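Trainee: To start, I am sharing the structure in question, which I have written as structure tokens.
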Amino acid sequence: MMERIQDKLRGTGVAIVTPFTKSNAIDFLAFEKILNFTIENGIDYIVLLGTTGESATLSKLEKKTLIEFAIDRIDHRVPLVLGLGANNTSELVLTIHGTPFKNIDAILSVCPYYNKPSQEGIYQHFKIVAEASPVPVILYTVPSRTSSNISASTTLKLANDFSNIIGIKEASGNLDQIYQLLKHRPEGFLVISGDDAITLPLLAAGADGVISVAANAYPGKFSVMVRLGLNGDFIFARKIHYELIEFINAIFLDGSPSGIKAALNIMNLCEEIVRLPLVAVNNDVHRLIKKHIGQIN
């Protein structure tokens, strides 16, 4: 029997960073290094052009080039999920229609931001996205960034109405909402943690994995923790969780992906350059991140 895409996306996805050079161009050498580092250390799939990838500051040409480069360098080793979201539904449909989806396994589509649509508006938006997309769709709710939340009832309605909506990246921080999804979801619908710090408790509640920022720096440890959690081995998973938790908290203290890029710079994987309006973390946070890296290593 052919493996379902849901099975391939169960585990640890890494929300991959987009490294930049000192001249603010995409650093493809560092990008390839991080791709290989994460894949060779056991992550299950790559998420490209998400929030952590600073997609909001990339031009259309840069995105196209980055997608082509990622597909070539990943070379079928792990699945590739592409971030495609917008707060203009018709424009997003045009983007979907203009995207070559060969070797792209799914899209991750964020809840429309800034407009603050109603739940009916959110439903209608993702209905159009599902009908337009030639690959499976993973919803993404992150109200701390978008000012809009995809409620459990809206998610479940979309999951039941559209077979190609296969999961949700849940970063609402609302445990009751996530529990409702886990309790009532249709068979095969993925509930994926969008918050590194609460991944382990969500695995204990029945979640299917994580799309992780911290896994850019610690792909091996994070992947092992998630696999242990999925297998019900929480004694050893908990040890890794507590080994990483202070590092995880530190990389989000002064903005993301500024924090993870500081960590990757300390680990000699890329520059810590982010594009405006983001800036590098302050010196105190940088020292704290370096301290926690030293303790983990």
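The values are calculated or read from the model by the stated rules, or taken from the named source; none is laboratory data. What you see is a predicted model; the values in this text were computed from it and never measured. Every residue, glycine as well, gets a Cβ built from its backbone with ideal geometry; the counts of neighbours run over all protein chains shown. For the accessible areas, the whole protein counts, side chains as well, though only heavy atoms, and no ligand, DNA or RNA atoms are used. Shrake-Rupley method; radii C 1.70, N 1.55, O 1.52, S 1.80 Å.
Trainee: Just to be sure I understand the rule: take each whole DSSP H helix in the chain, project its Cα atoms onto its long axis, keep it if the span is 24 Å or more and its mean Kyte-Doolittle hydropathy is at least -1.0. Which ones pass?
Mentor: Length and hydropathy pass: 234-251.
Trainee: Follow-up. Please work out the average accessible area per residue across the stretch 113-220, using the 1.4 Å probe convention, and give it in Å².
Mentor: Values: 4030 Å² over 108 residues.
About 37 Å² of surface per residue is accessible.
Trainee: I've got another one for you. Any idea of the accessible area per residue across the stretch 226-274, 1.4 Å probe, to the nearest Å²? It would help to have the intermediate numbers written out before the result.
Mentor: Values: 2180 Å² over 49 residues.
In whole numbers, the stretch 226-274 has 45 Å² accessible per residue.
Trainee: Identify all aspartates and glutamates with a Cα-Cα distance to residue 291 below 17 Å; exclude those on the same chain that are fewer than 8 residues away in sequence.
Mentor: 243, 246, 254, 272
Trainee: Once amide H atoms are built 1.01 Å from N in the peptide plane, which residues 5 or more positions from residue 209, or in another chain, come under 5 Å H to H?
Mentor: Amide H to amide H, under 5 Å and 5 or more residues apart or across chains, residue 209 pairs with 11, 193.
Trainee: Over all distinct Cα pairs, what is the inverse of the mean 1/r for the stretch 1-129, reported as the Kirkwood hydrodynamic radius in Å? Don't skip to the end; give the middle numbers.
Mentor: Details: mean 1/r = 0.0635 Å⁻¹.
About 15.7 Å, per the Kirkwood formula over Cα pairs.
Trainee: For a quick check of your reading of the filter: which chymotrypsin sites (Phe, Trp or Tyr not before Pro) in the stretch 60-169 sit in a DSSP loop and have no more than 11 other Cβ atoms within 10 Å? Show your work: numbers first, answer last.
Mentor: Details: sites: 69, 101, 113, 114, 123, 126, 140, 162; in loops: 101, 113, 114, 162.
Sparse-neighbourhood loop chymotrypsin sites (Phe, Trp or Tyr not before Pro): 114.
Trainee: Further question on the same structure: Under a 10 Å cutoff between Cα atoms, tell me which one of 235, 260, 96 has the largest fluctuation in the Gaussian network model of the chain.
Mentor: 235
Trainee: Something else about it: Roughly what % of Cα-Cα distances in the stretch 185-297 sit above 18 Å, to the whole percent? Please list the in-between numbers first.
Mentor: Values: 3160 of 6328 pairs.
Considering the stretch 185-297, 50 percent of its Cα-Cα pairs are separated by more than 18 Å.
Trainee: Using Cα centres only, tell me the gap between the stretch 174-203 and the stretch 41-89 in whole Å.
Mentor: For the stretch 174-203 versus the stretch 41-89, the Cα centre distance is 24 Å.
Trainee: Moving on to the next point. Relative contact order of the chain: what whole-number percent is it, with Cα pairs under 8 angstrom and at least 6 residues apart?
Mentor: Values: 546 pairs, mean separation 56.6, N = 297.
That works out to 19 percent.
Trainee: Per the 1.4 Å probe, what fraction of the accessible area of the chain, in percent, lies on carbon and sulfur atoms?
Mentor: Values: 6870 of 13070 Å².
Percent of accessible area from carbon and sulfur atoms in the chain: 53.
Trainee: Going down the table (239/261; 33/183; 127/239; 102/169; 127/183; 102/183), which pairs top 31 Å between alpha carbons?
Mentor: Pairs exceeding the cut-off: 33/183; 127/239; 102/183.
Trainee: Using each residue's phi in the stretch 134-141, evaluate 6.51 cos²θ - 1.76 cosθ + 1.60 at θ = phi - 60° and report the 3J(HN,Hα) Karplus result to the nearest Hz, with x for Gly and Pro.
Mentor: x, 10, x, 10, 10, 6, 9, 10
Trainee: With a probe of 1.4 Å, find how much accessible area the stretch 1-60 has per residue, and write the answer as a whole number in Å².
Mentor: Working: 2660 Å² over 60 residues.
Accessible surface, normalised per residue, equals 44 Å².
Trainee: Could you derive backbone 3J(HN,Hα) for the stretch 102-118 from the dihedral phi with the Karplus parameters 6.51, -1.76 and 1.60 (θ = phi - 60°), listing whole Hz in sequence and x where the residue is Gly or Pro?
Mentor: Result, rounded to whole Hz: 4, 6, 10, 8, 6, 10, 10, 10, 6, 4, x, 9, 6, 5, 6, x, 6.
Trainee: Moving on to the next point. Not counting the cut sites, what is the longest span of the chain without trypsin sites (Lys or Arg not before Pro) that DSSP labels loop and that have at most 11 other Cβ atoms within 10 Å? Numbers along the way, then the final one.
Mentor: Working: sites that count: 22, 102.
In short, 103-297.
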